[in-house]
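Every read-out reported here was derived from the displayed coordinates using simple, explicitly stated rules and does not represent laboratory data. None of the values given here were measured: they were computed from a predicted structure. Neighbour counts are summed over all protein chains in view; Cβ atoms, including those assigned to glycine, are modelled from backbone coordinates with ideal geometry.
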Amino acid sequence: MRVRTRYAPSPTGYMHVGNLRSAIFEYLIAKNLGGDFLLRIEDTDQTRRVEGAVEFIYDTCKLCGLDFDEGPNNPGKYGPYIQSERLDIYKEYALQLVEMGKAYYCFCSEERLDELRKEADEKRIAFLYDGHCKKLTKEEIDTKIKNGERYVIRQKMPKEGISTYDDVVYGEITVENRILEDQILLKSDGFPTYNFANVIDDHLMEITHVARGNEYLMSTPKYNLLYDAFGWEKPTYVHLPMVLGGDGLKLSKRNGDASFMDLYHDGYLPEGVVNYLTLLGWSPETTDEIFTLDELIKIFNPKRISKSPAIYDVKKLNWINSHYMKKLDIDKLLSITVPHLKEAYDLSDKSDEWIKHLVTIYQNHISYGKEIVEVTDLFFKEDIKMNDECQEFMKDPSIANTLKIFEEEIMNISDWTVENINTVINTVKEKADVKGKMLYMPIRIKISGQMHGPELPDTIYLLGKDVVLKRLNK
Ligand code: GLU
């Protein structure tokens with residue numbers, strides 16, 4: 001049987017890193033086993049629909065290298081791939097269940113249900129629909145439908161016994177059937193609930209592995225009862241632990257949590273983000289941490305997904321992303337840094353050559369594109385400030401002499417090139433009789449306000465003679 005997985009988002013126009021991680025895991029499960037990866041849009045909650053959301057999902061996944069074998073924009077033979085276009089299908093199957101005695105019409109009003117909820121609240125017990133409409137006769141149902149009464153269709157749950165299934169990540173899951181509610185399958189507006197549509201679609205689309213958030217872990221027994229009712233084979237379940245923010249809370253748009261597109265616009269590299277997200281709750285058999293998507297496809301084993309929630313850690317993301325930054329060619333590097341520089345600083349008097357030189361010397365110092373702005377501010381601001389550590393260092397009495405000689409030599413440079421600046425530094429070494437840290441540090445601190453940075457001659461060169469002399473005289 002051909003392995004098939006699906007990414008099944010609601011079209012909200014937003015994919016936080018947890019959503020993207022689900023898509024990555026689903027993609028990797030399919031590709032590791034030589035199968036298909038599908039996109040299905042779950043828009044049964046029409047209030048959450050956002051214009052352009054499908055394109056947004058395609059764009060995000062494309063950037064990350066996760067190509068869909070089938071989906072709304074590249075349909076295969078299992079379409080439509082958008083749930084709101086499949087309403088007839090759900091209705092047909094819901095009626096089949098009614099026919100088989102596994103589901104029933106329910107005409108209960110909102111008022112009656114509210115009343116039941118209130119009672120349950122007062123008794124401090126979980127609300128479960130009481131099965132009131134299960135007792136209706138065929139005639140009563142026909143009359144109500146003829147009179148235009150609104151109805152939903154509910155699943156008829158067994159009231160005794162237990163239901164068990166095996167999850168790849170969480171192992172054996174067992175629930176008592178008496179806690180399973182006669183859940184709504186079809187709403188009164190003709191839309192299915194997630195609880196129904198996921199089963200119908202996963203079956204009809206021949207999904208073999210259902211990988212999704214663990215919020216569905218305990219409702220899966222209800223879905224399995226539907227598979228059983230129809231006599232369908234159940235998929236393999238891979239429930240994924242949640243990704244929590246650094247604050248330990250659930251990721252959400254409202255919290256301003258990072259979405260892939262935010263990261264992308266900040267100059268993170270999709271390869272880096274995908275690599276990082278795969279390690280969020282999953283680990284390979286070795287201690288290696290840097291993997292291309294192709295390498296991940298080869299080694300991905302969902303059995304190694306952890307049960308505990310994963311914490312989104314920007315530091316680790318930066319560490320992994322910086323690995324990919326170091327490998328970029330100059331054009332790509334410029335494309336993810338220069339727009340941020342332009343936005344932050346006035347570059348009108350800088351040549352392309354100068355900008356390219358600046359970005360190049362910082363390639364190994366930044367972990368994502370936009371970080372170029374903060375690390376290069378010493379080239380753009382009037383005043384630089386030394387931190388305490390620098391000030392402490394500059395108290396050494398020998399430093400004045402080193403800086404004096406450096407200033408004289410810099411003044412005498414007629415041709416402002418990196419080589420000539422390098423020669424000057426060597427001359428200072430000779431004349432002041434200092435080397436190593438005592439040679440470089442005073443100069444670096446005086447002109448940049450920092451103890452560390454890219455190659456000193458390049459830094460001096462890019463600052464320009466006037467600025468260097470001005471800072472030496474401060
Ligand atoms: N539409 C569901 C969600 O966004 C998907 C769950 C699933 O993958 O089945 O949570």
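The table for this structure:
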{"item": "Nearest 10 degrees, 0 to 90: helix 17-32 Cα axis against the chain principal axis", "result": "80"}
{"item": "Given charges at beta-carbon only (K, R positive; D, E negative), |dipole| of the chain in Debye", "result": "720"}
{"item": "Antiparallel bridge percentage (DSSP; both residues within the chain; nearest 5)", "result": "55"}
{"item": "On Cα atoms only, tilt of 53-63 relative to the major axis of the chain in degrees", "result": "50"}
{"item": "Modelled FRET efficiency - R0 41 Å, Q391 with D262, Cβ distances, 0.05 increments", "result": "0.65"}
{"item": "Acute angle (nearest 10 degrees) that the helix 314-325 long axis makes with the longest principal axis of the chain, alpha-carbon atoms", "result": "60"}
{"item": "Spin-label pair E99/I179, simplified geometry with 7 Å Cα→Cβ offset, distance in nm", "result": "3.5"}
{"item": "Simple spin-label estimate for D247 and N473 in nanometres, 7 Å along Cα-Cβ", "result": "5.0"}
{"item": "Entries in K31/K307; K437/K465; K332/K470; K315/K342; K77/K303; K31/K342 that, when Cα-Cα distance is taken, lie over 29 Å", "result": "K332/K470; K77/K303; K31/K342"}
{"item": "Residues of type lysines that K123 reaches as a straight line, Cα spacing below 28 Å, ignoring anything fewer than 8 places off in the same chain", "result": "K134, K135, K156, K159, K187, K222"}
{"item": "Segment F230-K62, extension gain: residue separation times 0.36 nm, minus the distance between their alpha carbons", "result": "56.9 nm"}
{"item": "Gained length - F380 relative to T287, 0.36 nm times residue gap less alpha-carbon distance", "result": "29.3 nm"}
{"item": "Extended-chain gain in nm, criterion 0.36 nm per residue less alpha-carbon gap, K465 and H365", "result": "33.6 nm"}
{"item": "DSSP-loop chymotrypsin sites (Phe, Trp or Tyr not before Pro) across the stretch 384-438, with at most 13 other Cβ within 10 angstrom", "result": "W416"}
{"item": "FRET E, pair D294, V418, Förster distance 45 Å, beta-carbon r, rounded to 0.05", "result": "0.70"}
{"item": "Separation of alpha-carbon centers, the stretch 30-69 and the stretch 256-327, rounded to whole Å", "result": "19"}
{"item": "K437/A400 FRET efficiency (R0 22 Å; Cβ-Cβ; nearest 0.05)", "result": "0.85"}
{"item": "Leading residue at positive end of dipole, the chain (Cβ point charges), from N473, T287, V373", "result": "T287"}
{"item": "The stretch 366-415: trypsin sites (Lys or Arg not before Pro) falling in loop per DSSP and having at most 13 other Cβ within 10 Å", "result": "K381, K385, K395"}
{"item": "Charge dipole of the chain about the Cα centre (unit charges at C-beta), most positive-ward option of I24, G190, H239", "result": "H239"}
{"item": "Value of [θ]222 nm, deg cm²/dmol, for the chain, DSSP H segments ≥ 4, -39500 (n - 2.57) each, nearest 500", "result": "-13500 deg cm²/dmol"}
{"item": "Qualifying chymotrypsin sites (Phe, Trp or Tyr not before Pro) in the stretch 70-128, DSSP loop, other Cβ atoms within 10 Å at most 16", "result": "F127"}
